1. Does Val91 qualify as being under 13 Å from the mean Cα position of the chain (by Cα), assigned to a helix (DSSP H, G or I), of a type outside the set (Lys, Arg) and surrounded by 15 or more Cβ atoms within 10 Å (Cβ to Cβ)?
2. So which residues in the range 10-28 are in a helix (DSSP H, G or I) and crowded, with 16+ Cβ neighbours inside 10 Å, if there are any at all?
3. Can you tell me which residues in the range 95-116 are among the β-branched types (Val, Ile, Thr) and free of Cβ contacts under 8 Å to residues at least 24 places away in the same chain?
4. Provide a single number: the residues in the range 35-85 that are under 30 Å from Ser105 (Cβ atoms), part of a helix (DSSP H, G or I) and touching a residue at least 12 places away in the same chain (Cβ under 8 Å).
5. Can you tell me which residues in the range 70-88 are surrounded by fewer than 14 Cβ atoms within 10 Å (Cβ to Cβ) and touching a Pro at 6+ places or on another chain (Cβ under 9 Å)?
6. Condition first: over 28 Å from Ala62 (Cα atoms) and modelled with pLDDT under 90. Now tell me which residues in the range 75-105 satisfy that.
Amino acid sequence: MTDWPILSLVTFLPLVGVLLILFISDDSENARRNIRAIAFITTAFTFVVSLFIWTGFDNSQAGFQFVEKHAWLDSGISYHMGVDGISMLFVILTTFLMPLSILASWEAIEKRVKAYM
């Protein structure tokens with residue numbers, strides 16, 4: 001499970017929803033409903049993936065876990081990501097609050113839904 005780039009998935013999965021929403025015009029109520037649904041499904045799925053990180057996290061271990069390191073450029077620049085104890089809580093908190101925020105604003109936001117989501 002640690003060989004799979006699960007942190008990168010949690011980080012960049014919302015971009016999939018953004019790219020889908022980008023091509024929908026928000027001129028009708030049906031389109032706005034679709035935008036809300038895509039945003040909610042994307043953030044809910046991100047939360048589910050973050051739960052897999054949480055269940056695999058070992059609190060007794062110090063340091064970073066689920067470490068990903070990939071060489072990016074030949075000049076020594078690399079992409080390095082990991083999660084420790086306090087950041088694990090923030091990952092869960094953030095991915096939990098995003099779908100809740102979308103649900104809470106489902107009917108409240110009527111104009112510029114695309115920009116809000």
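1. Details: under 13 Å from the mean Cα position of the chain (by Cα): yes; assigned to a helix (DSSP H, G or I): yes; of a type outside the set (Lys, Arg): yes; surrounded by 15 or more Cβ atoms within 10 Å (Cβ to Cβ): yes.
In short, yes.
2. Those that are in a helix (DSSP H, G or I) and crowded, with 16+ Cβ neighbours inside 10 Å: Val10, Leu13, Pro14, Gly17, Ile21.
3. So the first thing to find is which residues in the range 95-116 are among the β-branched types (Val, Ile, Thr), and the list is 95, 102, 109, 113.
The answer is Ile109, and nothing else.
4. 18
5. The answer is His70, and nothing else.
6. Within the range 75-105, just Ser75 meets the criteria.
The values are calculated or read from the model by the stated rules, or taken from the named source; none is laboratory data. Because the structure is a prediction, the values reported are computed rather than measured. Ideal geometry is used to build each Cβ from the backbone, glycine not excepted, and the neighbour counts take in all protein chains shown.
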